[in-house]
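I have placed the structure first, in the form of structure tokens, so that the comments after it can refer back to it.
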Amino acid sequence: MWWASSADPDHPLRDALPAAGFTLRGVALEEGGALTPDWQWADLERAQLESFLAQYPQGRGRLRAAAAAEAELGALLSRPLTPARVLSPEVLDGVRAYHEATRAALDEGPGTRWQARRLDELAARLAAVEGAALVPLDDLPGVLERLPEAVLPQLDTLVPGESSRLRALADRAWRLRDDDDLSALFTALTRETGDAVTPLAELRAAAGGLALAAGDLGEARTRLEAAAHALRGDEPRSLAGLVLARLGQVRDMQGERDLALRTYRAVLALAYAPEVALETARNGLETPFGFGG
């Protein structure tokens, strides 16, 4: 599968797709470089434009119009996105409307993060390869306009399988809401054995996070230590760092500073850890978690 999405090395699909057996091509670490170059400089130019426009009444009006378009798109995407709906005319037309409104408010260029130029370049590169490509939803209408021969997957009859159910369970545990039933989620997590996409170590770590949210430090530590011991080395690459970073925090909260320090250092010694885990470990080395802010 060709990677035509974000250059962010911590993108969750950079873990999930290889774990599901997909070989990613065109990522930055692959020989030959990335299919999609790093356009972070365009974000900087957009920020500079916003700073400039904010100094003038007419400019502030343009920024409000752009913000309204973004809020409208956010509202559209906040509603349940079933496999069939995510590629529906409703959603794709909403994405087009967002880009048109942004372009009308801020003009093509820094205001759109050079979208037209970026998509022209991306489409040219995609036209030179064969196979499936993963494209961000907000880029999809523009890519399809530039590649009329491209075909969207047929998702209307897609039935999520057991792996999808397990993945959804873990994701729900990581993204708690105020109305979630912690006990029911905890029970569901602890009766599962995991698979390649959502391994046992992650399920144990997620259960530890629920215990921590409930204020049970002892149970949280037990689950997180079990998660650390369940790491085999073939899990999604971000998991070890996330597990150890949270375990270090729990050990800090229990007053075991020396053990917490060793855990934070273990995060920094990993060949790869997501930035959130690295930041947690660095902060933990400086200040015990749960004390002094």
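Rule-based calculations on the coordinates, nothing more; no lab input. The model shown is predicted, which means the values in this text are computed figures rather than measured ones. Please note: Cβ atoms are built from the backbone with ideal geometry, for glycine as well, and neighbour counts cover all protein chains shown.
Listing HIS229, HIS11, HIS99 from fewest to most neighbouring C-beta atoms within 10 Å gives HIS229, HIS11, HIS99. Remark: THR263, THR187 ranked as THR187, THR263, counting other beta-carbon atoms within 10 Å and listing the fewest first. Placing +1 on the Cβ of every Lys and Arg and -1 on the Cβ of every Asp and Glu, with nothing else charged, gives the chain a dipole about its Cα centre of roughly 420 debye. Taking the longest Cα principal axis of the chain as reference, the axis of helix 162-174 is set at about 80 degrees. Helix 115-127 and the long axis of the chain differ in direction by around 80°, with both axes built from C-alpha atoms.
Going by a ≥ b ≥ c, the root eigenvalues of the Cα gyration tensor, does region 162-286 fall in the rounded group (a/c under 1.5), the prolate group (a/b larger than b/c) or the oblate group? Verdict is oblate for region 162-286. May I ask you to derive the FRET efficiency for GLU149 and LEU44 from their Cβ-Cβ distance with R0 = 45 Å, giving the value to the nearest 0.05? The computed FRET efficiency comes out at 0.85. Set the Förster radius R0 to 51 Å, insert the Cβ-Cβ distance between HIS229 and SER51 as r into 1/(1 + (r/R0)^6), and round the FRET efficiency to 0.05. Computed FRET efficiency for HIS229 and SER51 comes out at 0.55.
Here the gap between ASP138 and ALA67, fully extended at 0.36 nm per residue and compared with their Cα-Cα distance, gives a gain of 24.0 nm.
Taking a ≥ b ≥ c as the square roots of the eigenvalues of the Cα gyration tensor of region 214-273, is the shape rounded (a/c under 1.5), prolate (a/b larger than b/c) or oblate? Please report the intermediate quantities before stating the final value.
Values: a/c = 2.42, a/b = 1.41, b/c = 1.72.
The shape class here is oblate.
Taking the longest Cα principal axis of the chain as reference, the axis of helix 217-230 is set at about 70 degrees. Taking a ≥ b ≥ c as the square roots of the eigenvalues of the alpha carbon gyration tensor, region 76-217 is prolate, as a/c is not under 1.5 and a/b beats b/c. In units of the compact-protein estimate 2.2 N^0.38 Å, region 2-146 shows a Cα radius of gyration of 1.14.
Calculate the length of the line joining the C-alpha centroid of region 214-280 to that of region 145-206, in whole Å. So the two Cα centres are separated by 22 Å.
Given R₀ = 25 Å, what would the calculated FRET efficiency be for TRP174 paired with ARG257, taking r from the Cβ atoms and rounding to 0.05?
On the way: r = 27 Å, r/R0 = 1.07.
Between TRP174 and ARG257 the formula returns 0.40.
For the chain, what does -39500 (n - 2.57) per DSSP helix run (n ≥ 4), summed and divided by total residues, give at 222 nm, in deg cm²/dmol to the nearest 500?
Numbers: 14 runs with 175 residues, N = 293.
Dividing the helical sum by the residues of the chain leaves -18500 deg cm²/dmol.
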